[in-house]
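A.B. asks: Please see the structure below; I have some questions.
The values are calculated or read from the model by the stated rules, or taken from the named source; none is laboratory data. Because the structure is a prediction, the values reported are computed rather than measured. In this analysis, Cβ positions are derived from the backbone assuming ideal geometry, glycine residues included, and neighbour counts consider all displayed protein chains.
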Amino acid sequence: MSKLFTAYRVLAITVGVLLLLGTLSVLLTGSLESVTLYDVSTDSAAYKVGHPLELIWILHGWFYMAYLVVAFVLSRRLGWSLGFFLVMLLAGLVPVMMFVVEHFVSAKVKREHPEVVAA
């Protein structure tokens, strides 16, 4: 269980960093100025294949999928509610929120299951 908790923490921080980097790069490069409601303009940096933004978002997506699996297994093994699990999942979609939720999850594990942290 200790390895699962460590995997959760590593994935949570990785997803949070990638989401923050992706969000900041989009905001700083102005890639959103060409985005329409239903489509991404072909002039947008986010549209161009091979653009560095693309790699950040692809990595975020892959790590987020791994995070979903690990978070689900961890929440089931520790007997957490579905609502708490959903909060864990949504944190990977809101910049900076992943770090806050990871902190609360770590504190909850240390408080409710100290044997997981000590192992």
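A.B. asks: Within the stretch 69-79, take every residue that is in contact (Cβ under 8 Å) with a residue 24 or more places away in the chain and of a type outside the set (D, E, K, R) and give me the one that is farthest from residue 4 (Cα to Cα).
C.D. replies: That would be 78.
A.B. asks: Hey, any hits in the stretch 32-43 for a residue that's part of a helix (DSSP H, G or I), surrounded by 12 or more Cβ atoms within 10 Å (Cβ to Cβ), in contact with a Leu (Cβ under 8 Å, 6 or more places away or on another chain) and modelled with pLDDT under 90?
C.D. replies: In the first step, residues of the stretch 32-43 are kept if they are part of a helix (DSSP H, G or I); the result is 32-34.
From what is left, the residues that are surrounded by 12 or more Cβ atoms within 10 Å (Cβ to Cβ) are 32, 34.
Those left that are additionally in contact with a Leu (Cβ under 8 Å, 6 or more places away or on another chain): none.
No, the stretch 32-43 contains no residue that is part of a helix (DSSP H, G or I), surrounded by 12 or more Cβ atoms within 10 Å (Cβ to Cβ), in contact with a Leu (Cβ under 8 Å, 6 or more places away or on another chain) and modelled with pLDDT under 90.
A.B. asks: Which of the residues belonging to the stretch 3-23 are in contact with a Pro (Cβ under 8 Å, 6 or more places away or on another chain) and at pLDDT below 90?
C.D. replies: If the condition is that a residue be in contact with a Pro (Cβ under 8 Å, 6 or more places away or on another chain) and at pLDDT below 90, then 23 is the only one that fits.
A.B. asks: Looking at (1) of a type in the set (Gly, Ala, Ser); (2) part of a loop (DSSP other than H, G, I, E, B); (3) touching a helix residue (DSSP H, G or I) at 6+ places or on another chain (Cβ under 6 Å), which one does residue 79 not meet, given that it meets all the others?
C.D. replies: Exception for residue 79: condition (3).
A.B. asks: List the number of the failed condition for residue 49; all other conditions in (1) modelled with pLDDT of 95 or more; (2) over 22 Å from residue 91 (Cα atoms) hold.
C.D. replies: For residue 49, the exception is condition (1).
A.B. asks: Additional query: State which residue pairs qualify: first residue farther than 10 Å from residue 15 by Cβ and inside the stretch 48-68, second residue at pLDDT 85 or above and small (Gly, Ala, Ser) in any location, beta carbons under 6 Å apart, and separation of 6 or more residues or different chains.
C.D. replies: 56/22; 57/22
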